[in-house]
Ligand code: PEP
Ligand code: MN
């Protein structure tokens, strides 16, 4: 799968900056924000929701079709191209009638392949750029699936948007970033530009700059940021929208790094460091392999001694001693916990496999298998 480069969107330099209100609320509100964004000289695309997917009924659902005329005015007066979220074929039809430049599929829509299919059918035959937000749950296949469905219908100006994933319980983030999913998406479709939406990720305006910079540090292709002239009176997502002053301060503070450098000093030093990483990774693999072989021996020995695979006290002891040691080495406790858990799970699986094998062999040989009793 090879999508067209962002240059084909005709929106200027990378990284692409997409900004605008969460929702279009009135013609005046939309125009005021658009003028302020245009004045920064750095915004490539104006965003605004006009059909709003809300979790609870009775909240603001957007101004609908009449707001499309306001976006048309944004385009005519500021020259900024405009983007809206579509969630049904009727939305697509209306947006195309008003010459909207770019569409996006929201997290809730991407979570439902039936909806994506319907939208894709209504888009067939057009070549409008479409941005695909990550689904609500960290399911890379669902995210990829939406992009593949669009691509199969002939759309090849596509991009992903990482907006984070619904947390379980309380979290610092409105939606947990899980940068590794954006990296995996880029690995599966190397030509696909992937943007970041730090507004929906953080849910809080004061946290937006940090995540925006992180996205640039991860070499993402652009940012989508919610901006409102008076966030405290916004009809949706008031906590996370920046005012135009905060937004232009953010633009000034962002460090745009290069994805590589031709400098020979840089190239030889990075090469050296990467050699070290390669060597360490291979050592890790060898050590894990040795550890698994010992686990299998333990499995065999436990079977012979008629002892169960899993002993809770031993696991608690492994975890605590290793986590203490990891902390001495300045490693993050929860990171190490998940590494140890993964290794331990595999160890247990291997031990159980060895026991199954011995049991099967035993019963094939007609042995009286006292170990099952
Ligand atoms: C939005 O961009 O306003 C929006 C509703 O986003 P998401 O689909 O990421 O929740
Ligand atoms: Mn929003």
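Here are the numbers for this structure:
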item	result
Count of the stretch 124-149 residues which are surrounded by fewer than 23 Cβ atoms within 10 Å (Cβ to Cβ), assigned to a helix (DSSP H, G or I) and free of Cβ contacts under 8 Å to residues at least 60 places away in the same chain	6
Output for the stretch 11-38, where each listed residue is away from ligand 1 (no atom under 16 Å from the Cβ) and without any contact (Cβ under 8 Å) to a residue 60 or more places away in the chain	12, 13, 26, 27, 28, 31, 34, 35, 38
Residues satisfying the stated conditions in the stretch 232-246, i.e. over 17 Å from residue 52 (Cα atoms) and within 16 Å of ligand 1 (Cβ to nearest atom)	242
Boolean, residue 79 is exposed (fewer than 15 other Cβ atoms within 10 Å of the Cβ) and out of contact with any helix residue (DSSP H, G or I) (no Cβ under 7 Å at 6 or more places or on another chain)	yes
Residues (surrounded by 19 or more Cβ atoms within 10 Å (Cβ to Cβ) and more than 20 Å from residue 193 (Cβ to Cβ)) located in the stretch 95-113	95, 111
Residue list for the stretch 42-76, restricted to those being within 14 Å of ligand 2 (Cβ to nearest atom) and within 22 Å of the chain's Cα centre (by Cα)	47, 48, 49, 52, 53, 54, 55
Some residue of the stretch 63-83 being at pLDDT 95 or above and closer than 21 Å to residue 192 by Cβ	yes
Search result, residues across the stretch 116-142 that are within 12 Å of ligand 1 (Cβ to nearest atom) and touching a helix residue (DSSP H, G or I) at 6+ places or on another chain (Cβ under 9 Å)	132, 133, 134, 135, 136
Qualifying residue in the stretch 114-122 (condition: over 25 Å from the mean Cα position of the chain (by Cα), part of a helix (DSSP H, G or I) and either surrounded by 15 or more Cβ atoms within 10 Å (Cβ to Cβ) or at pLDDT 95 or above (or both))	yes
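The values are calculated or read from the model by the stated rules, or taken from the named source; none is laboratory data. All values derive from a computational prediction rather than experimental measurement. Cβ atoms come from the backbone with ideal geometry, glycine included; neighbour counts cover every protein chain shown.
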